[in-house]
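Every number here is computed from the coordinates shown, using simple stated rules; none is lab data. Keep in mind the model is a prediction, meaning the values are calculated, not measured. All Cβ positions, glycine included, derive from the backbone under ideal geometry; neighbour counts span all protein chains shown.
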Amino acid sequence: MKHAKVGFLMTDEVVSVLGRTPSADAAALLVEHDISGMPVLDADERVLGVISRTDLLAQDHLTAQDLMTAPAVTVHAEQTVTEAARLITRRGVTRLPVVDEEDRLVGIVTRRDLLRVFLRPDHEIHRVLVEEVLADTMGVGSDAASVGVVDGVVTLDGRLPRSSQIPVALRLAGQSDGVVAVIDRLTAHSNDTRTLTRTAPPDRGAEDVRR
């Protein structure tokens, strides 16, 4: 099972400005595209910072680089949505420029983009857990375990072949995008481990992004 990656959510057609762009031109772009902020780039398309409408209210007759917030808080396309959600919450920003290995702009992801993942409908969470987590990753069929999902709260019920599979199932379910909690009702046919850790902490990115 794989977490959703930033690259699948990002917008790759990004409104941006060069550092030398006059502030008046930058303000006009924000108004034209009805956005609240955008990345500021150097001549090689590397992200220098981010400029917002608030920044542009500060002074006139300056360049975007003079007024931008720097350094920019960025993310890579291969990072998970959970990592991006934590970063966007921790740093108090509303958007993250997506950059490549050389810090060149390749896209942008916003808080609204991330919310689309964490507000994943119950039926989609159910499908992912049944098909990708239990069947594909663990080789467990619907005859051994059942999945219930209500408002992002997952209940795992049934009898798995081995007790060592229980903590794995709980951990993978708890880390799935959109899951806020996991209720454990699993048992096992055989005990193949001495000590079982029966905890399934939910992926905290789901909680962070809703704050």
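What the table below lists for this structure:
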read-out: Under the Debye formula (equal points on every Cα, no solvent term), log10 I(q)/I(0) of the range 85-124 at q = 0.18, 0.23 Å⁻¹; value: -0.59, -0.80
read-out: 3J(HN,Hα) from dihedral phi, the range 13-19, Karplus parametrisation 6.51/-1.76/1.60, rounded to Hz, x for glycine, proline; value: 9, 9, 7, 8, 9, 7, x
read-out: Förster radius 22 Å - calculated FRET efficiency between A135 and E83 (Cβ-Cβ, nearest 0.05); value: 0.25
read-out: Projected label distance in nm at R171 and H123, using a 7 Å step from Cα toward the beta-carbon; value: 3.3 nm
read-out: Cα→Cβ-extended label distance, 7 Å offset, between L62 and V31, nm; value: 2.0 nm
read-out: Cα-based equivalent ellipsoid of the range 84-183: semi-axis lengths in Å, sorted from largest, via gyration tensor; value: 33, 15, 11
read-out: Packing-based exposure ordering (other Cβ within 10 Å, fewest first) of F8, F118; value: F8, F118
read-out: Degrees between helix 81-90 axis and first principal axis of the chain (Cα, 0 to 90, nearest 10); value: 60 degrees
read-out: Ranked L134, L186, L29, criterion: other C-beta atoms within 10 Å, fewest first; value: L29, L186, L134
read-out: Estimated 222 nm signal from helices in the chain, with DSSP H stretches of n ≥ 4 weighted -39500 (n - 2.57), rounded to 500; value: -7500 deg cm²/dmol
read-out: When the convex hull of its Cα atoms is projected in every direction, mean area for the chain (nm²); value: 13.3 nm²
read-out: Projected label distance in nm at T187 and D151, using a 7 Å step from Cα toward the beta-carbon; value: 3.0 nm
read-out: Exposure proxy order (Cβ contacts within 10 Å, fewest to most) of R185, R127; value: R185, R127
read-out: Rg and Dmax [Cα atoms of the range 6-118; Å; Rg one decimal, Dmax integer]; value: 13.4, 42
read-out: Relative pair counts by distance (%), Cα atoms of the range 8-68, 5 Å bins; value: 4, 21, 32, 25, 13, 4, 1, 0
read-out: Leading residue at positive end of dipole, the chain (Cβ point charges), from A188, I108, V168; value: A188
read-out: Gain in span if fully extended, R116 to F8, counting 0.36 nm per residue against the direct Cα distance; value: 37.7 nm
